[in-house]
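Take a look at the structure set out below.
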Amino acid sequence: MDFKTLRELVLWLYYQYLLVTGTYVLEPWEKYLFNSVLLSAITMVIYTSYVFVPVHVRLALEFLSVCGGRSQSTITLMT
């Protein structure tokens, strides 16, 4: 594809989005509602990934370092 301007590229990408999602057959209020729900869902996924994934990764690394990297026996730790 040869795009002369950024505007043509953006319009082409928007047209592809309309074709892939099938929203080109919807009325304007339906498009607005569909896009709002889609944007809300994407925003929630990004937010929860930002908040919860680092915590789970840290916990997993701590678990793996405790389970796999025992350099001392439990009897030594207790005394």
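Read-outs: derived from the displayed coordinates by stated rules, not from any lab. These numbers come from a predicted model, not from an experiment. Here the Cβ is made from the backbone with ideal geometry for all residues, glycine too, and neighbour counts use every protein chain on show.
Numbers at a glance
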{"quantity": "Residue 17 paired with residue 39, simple spin-label distance in nm, labels 7 Å along Cα-to-beta-carbon", "calculated": "0.9"}
{"quantity": "Largest to smallest principal axis extent of the C-alpha atoms in region 10-59, angstrom", "calculated": "47, 22, 15"}
{"quantity": "Stretchable slack from residue 61 to residue 24, in nm (0.36 nm times residue separation minus alpha-carbon distance)", "calculated": "8.7 nm"}
